[in-house]
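Worksheet: one structure, shown below.
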Amino acid sequence: MNVFRLAGDMSHLLAIIILLLKIWKTRSCAGISGRSQLLFALTYTARYLDLVTNWVSLYNTVMKVFFIATSYATIYLMYLKFKATYDSNHDTFRVEFLLLPVTILALVLNHEFSFMEILWTFSIYLEAVAILPQLFMVSKTGEAESITSHYLFALGSYRLLYIFNWIWRYYTEEYYDLIAIIAGVVQTVLYCDFFYLYFTKVLKGKKLQLPA
Amino acid sequence: CCKLPQKDEL
């Protein structure tokens with residue numbers, strides 16, 4: 001554990017809390033992509049099945065349980081409790097275009113052809129692109145509420161901080177995992193455009209609005 | 001051959 005890793009995890013935690021609070025306080029999930037949330041739930045389910053086979057630490061276990069539980073809680077809020085506020089008309093990204101290539105890639109490019117390892121690889125690749133339905137939704141409506149922008153910023157920062165963590169670990173422990181690193185870089189790059197808008201608009205008190 | 005390192009990241 002180093003400072004980048006901890007900051008990354010905290011940023012991830014913060015993103016989820018922001019999202020849940022937004023939905024809960026406003027009693028609405030308007031502007032949030034249910035498809036991205038479904039992909040995240042699938043990501044954490046596939047990755048954290050090792051909860052039962054691999055003990056790392058109490059921190060690790062608590063975080064994994066939290067990520068799985070909150071991903072399903074979000075889906076419950078979006079598709080059941082506050083279903084009437086879910087903006088499904090704008091949430092039209094075809095997730096099969098992500099799931100199919102990600103599945104094939106996980107079967108071909110992995111460290112070991114075993115059930116758990118392929119599930120882990122699948123989750124790493126899927127996480128990298130899981131935000132695309134959400135970003136697509138923002139570009140389709142041309143705007144995002146400030147709170148949604150803060151959520152996206154925290155979520156995007158998390159993998160960026162992990163990249164610094166991987167650089168740190170490479171030099172201090174000679175540890176690196178190419179699959180995680182490349183997917184993490186792709187994941188972060190997908191947020192670049194959003195980061196730019198966040199710094200130039202949202203932080204100056206303006207609403208995130210895309211040029212028409 | 002080589003055992004994979006333990007996955008300790010989230």
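No lab work stands behind these numbers, since they all come straight from the coordinates. The structure displayed is predicted, hence computed values, not measured ones. Cβ placement follows ideal geometry from the backbone for every residue including glycine, while neighbour counts extend to all protein chains displayed.
A few comments on the model shown:
- Test: residue in region A:76-91 that is away from every other protein chain (no Cβ under 14 Å), of a type in the set (A, V, I, L, M, F, W, C) and in contact with a helix residue (DSSP H, G or I) (Cβ under 6 Å, 6 or more places away or on another chain): yes
- Applying the criterion of being surrounded by 20 or more Cβ atoms within 10 Å (Cβ to Cβ) and of a type in the set (Val, Ile, Thr) to the residues of region A:96-136, the residue that is nearest to residue A:162 (Cα to Cα) is A:124.
- Residue A:114 being closer than 28 Å to residue A:31 by Cβ and either more than 12 Å from chain B (Cβ to nearest Cβ) or over 15 Å from the mean Cα position of the chain (by Cα) (or both): no
- Taking first residues from region A:111-133 that are more than 30 Å from residue A:193 (Cα to Cα) and partners that are of a type in the set (S, T, N, Q), the Cβ contacts under 8 Å between residues at least 6 apart in sequence or on separate chains come to A:111/A:121; A:116/A:53; A:117/A:110; A:118/A:110.
- Condition met for residue A:3 (surrounded by fewer than 18 Cβ atoms within 10 Å (Cβ to Cβ), within 11 Å of another protein chain (Cβ to nearest Cβ) and β-branched (Val, Ile, Thr)): no
- Members of region A:21-74 that are more than 10 Å from chain B (Cβ to nearest Cβ), buried (at least 20 other Cβ atoms within 10 Å of the Cβ) and aromatic (Phe, Trp, Tyr): A:40
- Residues satisfying the criterion are absent from region A:55-73 (criterion: in contact with a Cys (Cβ under 9 Å, 6 or more places away or on another chain) and among the aromatic types (Phe, Trp, Tyr)).
- One residue from A:171, A:196, A:162, A:158 being under 30 Å from residue B:6 (Cβ atoms) and surrounded by fewer than 20 Cβ atoms within 10 Å (Cβ to Cβ): A:171
- Annotation note: Cβ proximity below 7 Å between a residue of region A:11-39 that is on the phi > 0 side of the Ramachandran plot and a residue that is in a loop (DSSP other than H, G, I, E, B) (sequence gap 6+ or interchain) occurs for A:27/A:82; A:31/A:87; A:31/A:145.
This table checks each residue for (1) aliphatic (A, V, I, L, M); (2) within 14 Å of another protein chain (Cβ to nearest Cβ); (3) within 30 Å of residue A:28 (Cβ to Cβ).
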position	(1), (2), (3)
A:123	no, yes, yes
A:130	yes, no, yes
A:191	no, no, yes
A:194	no, no, yes
